[in-house]
Each structure stands twice: as C-alpha cells, then as structure tokens.
1. Taking amide H atoms as placed 1.01 Å from N in the peptide plane, list the residues 5 or more away in sequence, or in a different chain, whose amide H sits under 5 Å from that of MET124.
2. Just list whichever of LYS4/LYS34; LYS7/LYS45; LYS7/LYS125; LYS34/LYS54 have alpha carbons separated by over 28 Å in the model shown.
3. Evaluate the Kirkwood expression for the hydrodynamic radius of the range 1-62, namely the inverse of the mean inverse distance over all pairs of different C-alpha atoms, and round to one decimal in Å.
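What follows draws every value from the coordinates through simple rules; no lab data is involved. Keep in mind it's a predicted model, so treat the numbers as computed, not measured.
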Amino acid sequence: MSIKDLKDRWPALFNASQVSAEFQRITTLTLEPKFLSMLDRYSPKLLSLFQAKKGAAGERHRAQMRTLLQSGIPIQRTRDVVIRCLIDHLGEDASALTIKDFECLQNPADASVSIQEELAEEMMKIYLLRDQESLEESADVGIVIEGTTVLIGLGDLSRA
C-alpha cells in the first residue's frame with residue numbers, strides 16, 4: 001500500500017493535530033509540548049557534547065553551532081541546530097536522510113511548482129522553504145514520503 005493510498009484511506013494520520021490528539025489519548029501526554037520541553041531541557045548538555053566532539057564530525061557540529069553565538073537567537077533556531085547536530089552525531093547524513101532547504105528566489109508560484117517537482121522524486125524528506133528576505137525563518141516546513149507531501153505548515157524543524 002502506497003503513502004498516497006494511506007493518505008486517502010486514513011487522512012487523520014497526516015494531520016499534525018490529529019496525531020497529537022491520538023498520542024495524548026493513548027499515553028495521556030501531550031506530544032509536542034513534552035518533546036519540546038525535553039529537547040530544551042537537554043539542549044545544553046547535547047550542545048556541550050557536540051562541542052567536545054573531535055575530528056570531522058566535531059567540525060561539522062561547530063559549523064552548525066556558530067549561528068548560536070549571536071545574541072538574540074530564537075529558541076526555534078537553537079532547536080534546529082541541536083536536531084541537525086544530533087542527526088550527524090548519530091552517524092546519519094542530514095542532507096541525504098531528512099532535511100532539504102529551499103530558498104524561494106523567484107516568483108512564489110513558479111518556485112512552488114519547481115519545488116513540488118523536486119520533492120516528488122524524494123523517498124523521505126523534511127523540507128524547509130525559506131523566503132529570500134528572511135533566510136533565518138522558515139516560510140513553510142513539511143514532510144514528504146514517497147514523493148507525496150504528507151504534512152505541511154509545521155512551522156519549524158523541531159515540529160517536523
């Protein structure tokens with residue numbers, strides 16, 4: 001059964017609020033606030049672990065963490081860096097495994113078509129669409145599985 005068939009048959013599986021409600025029904029915990037609070041709680045320890053890493057992996061981590069040296073960094077950006085470094089720390093290639101950044105440089109309608117064509121070729125990706133003017137903020141974050149966009153409008157990487 002393909003993802004498209006699953007999405008047609010059980011659309012609630014592809015709605016973030018429905019997934020959260022089902023998780024809460026089963027576990028009595030709120031999924032997103034619990035995940036984000038634990039991520040925030042362990043971020044300082046994880047960042048120090050990434051900072052202490054040696055070799056090529058340590059260099060990649062430090063390159064990601066340089067953005068955190070600026071003052072006034074929003075918590076979403078810190079979460080983004082921690083998640084990207086954690087994926088790398090666990091030995092996965094973030095670009096091949098999950099995260100794909102797009103910059104919307106031309107007409108948004110044309111960009112949307114070309115981005116959808118590119119995402120249609122992906123097996124599984126989290127995509128971040130950024131406006132040309134505000135490259136730090138995500139205009140859209142979504143998830144693609146087997147070329148089908150299953151979740152959109154997630155806000156930031158930590159919610160994906």
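1. GLU146
2. LYS4/LYS34; LYS7/LYS45; LYS34/LYS54
3. On the way: mean 1/r = 0.0681 Å⁻¹.
Final number for the Kirkwood radius of the range 1-62 is 14.7 Å.
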